[in-house]
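Below is one structure, written out as structure tokens; comments come after it.
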Amino acid sequence: MKTIFKENTSFLFIILLVIMILSMVVAVGIGPVSIDFMDVWKIILYKLGFNIDGVAQISSNIQRIVWYLRLPRVILSAVVGSGLAIAGVSMQAFTKNPLSDPYILGISSGASAGAVAAALIGIFNIFGIFAMPIGAFIGSLISIIVVYYLSRTKEGILPIRLVLTGLAVSSIFSAFTNYLIYSSKDESGIRNAVFWMMGGLSGTKWIYIPIPLAVLIVSILVLFCLSNALNTMLIGEQTAIVLGMNIKLIRTIVVLVCALLTGTLVAISGSIGFVGLIVPHISRNFVGSDHRKVLPISALLGALLIIWADVAARMVVAPQELPIGIVTALTGGPFFIWLLK
């Protein structure tokens, strides 16, 4: 089966794409109020402008639940999963380390510091419901700038220096975050901050989607255009140099694209672990190490993982919610151990 997919990746891509679309529709129907699969289809197609029979018989409350509450959340979960997965693929190729993930740049810690500052200090209250996402994005942006500046050498950005700098910056931001939580007396703010740090998509609105989606699309296009370069760099940087590749420029582009993509996604969803770590390994098991194949397959698998992780987060302790990060850790940890055998 794996040999078939390696030789015909387009077939696997189509299968996963169909499964993802069906999963999104099914996920929209799952919740405290269960909604029929065909009703979900009808509502979505009707809202997209198609003339669909039978929509009038579906209550307006059900239509609002589908269109305004669940569909934006499911779409954003797919965007977040895809983005974290392709960022993981790229960082593993960049560092030549199969245990790398998008968070090695300290982005998660920087975003957490910004989000916690917004929740507990209120420095971004002027932005209303966007206070925590904006705080998180600013925090991630600061970490990106610091790590990028400290990682640069005359030879460009060296992978080992990047990883070590990311760890150092992450430790500093984590210390700041822990201090804010320790010193705060705002119990509600602490609860919101901790829940955000564990990852979650509750309260997603349509307005949250355009920016992450646009960043994801641009990132996929850029990284796909660099897929041959990533393949060559895996063989050896000397080989890439002999072939006329500008290694310094490629490294810089990969780091900046992954950093901005991860920072944008973390700002809107919080820290969701294991996606960028395990999905690239699963993809390579199916299609090999060619990044022209690994990137699109990882994007779809990452989307599927977060779509169903979000469903589990909504339903396991309903009507309350679990942070998605708990679900991905509980499933991703054992699965990764099995994958290593």
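The table for this structure:
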| quantity | calculated |
| --- | --- |
| Residue tally, condition at pLDDT 85 or above, of a type in the set (Gly, Ala, Ser) and farther than 26 Å from Ser90 by Cβ, over the stretch 311-341 | 2 |
| Qualifying residue in the stretch 153-174 (condition: surrounded by fewer than 21 Cβ atoms within 10 Å (Cβ to Cβ), in a helix (DSSP H, G or I) and at positive phi) | no |
| Residue within the stretch 128-149 that is buried (at least 24 other Cβ atoms within 10 Å of the Cβ), part of a helix (DSSP H, G or I) and more than 19 Å from the chain's Cα centre (by Cα) present | yes |
| In the stretch 26-70, the residues that are in contact with a Phe, Trp or Tyr (Cβ under 8 Å, 6 or more places away or on another chain) and either within 21 Å of Gln320 (Cα to Cα) or modelled with pLDDT of 95 or more (or both) | Val26, Ala27, Gly29, Tyr68 |
| Members of the stretch 223-251 that are surrounded by fewer than 16 Cβ atoms within 10 Å (Cβ to Cβ) and either of a type in the set (Gly, Ala, Ser) or modelled with pLDDT of 85 or more (or both) | Cys225, Asn228, Gly236, Gly244, Leu249 |
| Pairs, first more than 12 Å from Leu216 (Cα to Cα) in the stretch 72-90, second acidic (Asp, Glu) and in a helix (DSSP H, G or I), C-beta under 6 Å, six or more apart | Ser77/Asp310 |
| Pairs where the first residue, in the stretch 275-300, is among the aromatic types (Phe, Trp, Tyr) and the second is at pLDDT 95 or above and in a helix (DSSP H, G or I), C-beta under 7 Å, 6+ apart | Phe286/Ile297 |
| Ala119 surrounded by 22 or more Cβ atoms within 10 Å (Cβ to Cβ) and touching a Phe, Trp or Tyr at 6+ places or on another chain (Cβ under 8 Å) | yes |
| Filter result for Asn97 (over 26 Å from Val316 (Cβ atoms), without any contact (Cβ under 8 Å) to a residue 12 or more places away in the chain and not aromatic (Phe, Trp, Tyr)) | no |
| Residues being among the hydrophobic types (A, V, I, L, M, F, W, C) and surrounded by fewer than 24 Cβ atoms within 10 Å (Cβ to Cβ) - total across the stretch 80-116 | 2 |
| Members of the stretch 288-310 that are surrounded by fewer than 24 Cβ atoms within 10 Å (Cβ to Cβ) and either of a type in the set (Gly, Ala, Ser) or modelled with pLDDT under 95 (or both) | Gly288, Ser289, Asp290, Arg292, Lys293 |
| Given (1) assigned to a helix (DSSP H, G or I); (2) over 23 Å from Ala312 (Cα atoms); (3) out of contact with any Pro (no Cβ under 8 Å at 6 or more places or on another chain), index of the condition Asn51 fails | (1) |
| Matching helices (runs of 4 or more DSSP H) fully within the stretch 196-311 where at least 1 residues are among the acidic types (Asp, Glu) and over 22 Å from Val28 (Cα atoms) | 237-242 |
| Test result for Pro98, under 25 Å from Thr262 (Cα atoms), of a type outside the set (Lys, Arg) and not in a helix (DSSP H, G or I) | yes |
| Ser202 vs. criteria hydroxyl-bearing (Ser, Thr, Tyr) and farther than 28 Å from Arg64 by Cβ | no |
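Conditions (1) assigned to a helix (DSSP H, G or I); (2) surrounded by 15 or more Cβ atoms within 10 Å (Cβ to Cβ), marked per residue:
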position	(1), (2)
Phe11	yes, no
Val18	yes, no
Leu22	yes, no
Gly31	no, yes
Ile44	yes, yes
Gln63	yes, yes
Arg73	yes, yes
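The values are calculated or read from the model by the stated rules, or taken from the named source; none is laboratory data. Note that the coordinates shown come from a computational prediction; the quantities given were computed from them, not determined experimentally. For neighbour counting, all protein chains shown are included, and Cβ atoms are generated from backbone atoms with ideal geometry for every residue, glycine included.
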